[in-house]
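Each remark here refers to the structure printed beneath this line.
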Amino acid sequence: MTITHLKNGKPAADRAEDDAKTAEVVAATLKDIETRGDVAVRELANKFDGYDRESYRLTQDEIEALIAKVSPRDLEDIKFAQEQVVNFAQAQRDSMKDIEVETLPGVILGHKNIPVQSVGCYVPGGKFPMVASAHMSVATAKVAGVPRIIACTPPFNGEPNPAVIAAMHLGGADEIYVLGGIQAVGAMALGTESIAPVHLLVGPGNAFVAEAKRQLFGRVGIDLFAGPTETMVIADETVDAEMCATDLLGQAEHGYNSPAVLVTNSRKLAEETLAEIDRILEILPTAGTARVSWEDYGEVILCDTYEEMLEVADDIASEHVQVMTDRDDWFLENMTCYGALFLGPRTNVANGDKVIGTNHTLPTKKAGRYTGGLWVGKYLKTHSYQKVITDKAAAEIGAYGSRLCMLEGFVGHAEQCNLRVRRYGGVNVAYGEGAPHQDTSN
């Protein structure tokens, strides 16, 4: 096996040190929000967003005034993208069925898919107004049937971004707040004097937002660990360097710590892509950000075989994986750890981010090993129930239950079962003796 790193990013130890510093800042900030509520949130909003107002919640009149600033073309595009996301989310929801089955005569088991009762949706927007994130979180929550949906987004150039607010409102947000960063997710999760807490936090964000969600998990639910954008291109010589370089830098522009990785079995393509990246960085308007990400977090990994490419890709478990090879469906069939796949040169990550209909809130930092991305099912809780509807079933299942409780030493548990055996089976038992085994063959 030969796997060669033609370019490495920042060492893992340095990345871990950055994460530790972020965690320390987040912990102190969340404690401050919990202690001082709205006062702390206001101070943080002024410090980090440079934004102050009497109430950070937008009124209906303000929402309508902001939507009026969005051009008809932009509004039509927002509605089109939102329709694609809603249609796919609805198809996913339709696939999730409540069930009820009779597993033994007289024993009924089932489950119900119940919406989470309140959700806080974070929509990033300090550096770039993430209009599409409103579709992914707010509109999908609406499809799931969440009764209370609140949304937070930071100001953009000192004011609420009209397009983001329009997308939130059209998606179905019940409350919209102009708040960013730790103060937004902290206020939604912990609650303040003016913001009632939610049961679930969703949405992507920078390293501080992602860490805040991680620390708040348990206090509230979270969708997944969705930190700074990651992208991977798996390519062979069926595509060219311009395609690979464009797809890598197209995501590296997200922030200063967005990993972008090329995995290939072609040294020629690898070297040409490195040169093409240098060329594009000279003309890309967002090169100031993309260059830092590429220098610190970019990687080029050269493999001998497709099997090695698959192994490397599954180990990295990148958020976005663009596959452009002569065997794209083979990767679809065999890859197990990733956020989302983008198969073939005709598709691309930006389509998934903005319009095609799949959800763009995806797992980062290897979380793709144990979870998929945000989807309508994340807003639903699958709750089981059971009922016993005949005396015979109550006695028989109670007898088994009694004996198994005593096997573990739970006398009180056993007596719960024994009571049913006595009451419905007419058998006098105590302390785990259980009812006689009943022949149910007839």
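The values are calculated or read from the model by the stated rules, or taken from the named source; none is laboratory data. Not measured: the values here are computed from a predicted model. Backbone-built Cβ (ideal geometry, glycine too); neighbour counts: all protein chains shown. Surface accessibility is based on the protein's heavy atoms, side chains included, excluding ligands, DNA and RNA. Shrake-Rupley method; radii C 1.70, N 1.55, O 1.52, S 1.80 Å.
Restricting the first residue to the stretch 86-98 and requiring it to be aromatic (Phe, Trp, Tyr), which pairs with a second residue that is part of a loop (DSSP other than H, G, I, E, B) meet a Cβ separation below 9 Å and a spacing of at least six or different chains?
Qualifying pairs under 9 Å: 88/356; 88/357; 88/358; 88/359; 88/375.
Which residue is farthest from residue 319 (Cα to Cα), if the candidates are limited to the stretch 340-355 and must be of a type in the set (Val, Ile, Thr) and either in contact with a Leu (Cβ under 9 Å, 6 or more places away or on another chain) or open to solvent by 20 Å² or more (accessible area, probe 1.4 Å) (or both)?
Per the criteria, the residue is 355.
Can you tell me which residue within the stretch 179-194, out of those that are open to solvent by 10 Å² or more (accessible area, probe 1.4 Å) and of a type in the set (A, V, I, L, M), is nearest to residue 379 (Cα to Cα)?
Only one residue tops the list, namely 190.
Of 249, 281, which residue is more than 24 Å from the chain's Cα centre (by Cα) and either open to solvent by 50 Å² or more (accessible area, probe 1.4 Å) or farther than 18 Å from residue 5 by Cα (or both)?
Result: 281 is the single residue among 249, 281 that is more than 24 Å from the chain's Cα centre (by Cα) and either open to solvent by 50 Å² or more (accessible area, probe 1.4 Å) or farther than 18 Å from residue 5 by Cα (or both).
From 226, 212, 167, grab the single residue that is open to solvent by less than 10 Å² (accessible area, probe 1.4 Å), closer than 27 Å to residue 321 by Cβ and in a loop (DSSP other than H, G, I, E, B).
Going through 226, 212, 167 in turn, the sole match is 226.
List pairs: first in the stretch 36-55 and among the aromatic types (Phe, Trp, Tyr), second in a loop (DSSP other than H, G, I, E, B), Cβ under 6 Å, 6+ apart or cross-chain?
51/155
Between 108, 149, which is over 30 Å from residue 49 (Cα atoms) and not in a helix (DSSP H, G or I)?
From the options 108, 149, the qualifying one is 108.
Contact list please: Cβ distance under 8 Å, first residue in the stretch 297-326 and of a type in the set (Phe, Trp, Tyr), second residue open to solvent by 10 Å² or more (accessible area, probe 1.4 Å), pairs at least six apart or on different chains.
From residues that are of a type in the set (Phe, Trp, Tyr), the pairs are 297/9; 297/10; 297/257; 297/259; 306/265; 306/325; 306/327; 306/330.
Being open to solvent by less than 20 Å² (accessible area, probe 1.4 Å) and more than 25 Å from residue 20 (Cβ to Cβ) is the filter here, so list the residues in the stretch 195-209 that pass it.
Passing the criteria: 195, 198, 200, 202.
Does residue 162 count as open to solvent by less than 50 Å² (accessible area, probe 1.4 Å) and either farther than 22 Å from residue 360 by Cβ or in contact with a Leu (Cβ under 8 Å, 6 or more places away or on another chain) (or both)?
yes
Condition first: open to solvent by less than 70 Å² (accessible area, probe 1.4 Å), under 28 Å from residue 277 (Cα atoms), among the charged types (D, E, K, R) and part of a helix (DSSP H, G or I). Can you find one or more residues in the stretch 9-17 that meet it?
Checked the stretch 9-17: at least one residue is open to solvent by less than 70 Å² (accessible area, probe 1.4 Å), under 28 Å from residue 277 (Cα atoms), among the charged types (D, E, K, R) and part of a helix (DSSP H, G or I).
Among the residues of the stretch 18-43, what is the count of those that are of a type in the set (A, V, I, L, M, F, W, C) and not in a helix (DSSP H, G or I)?
0
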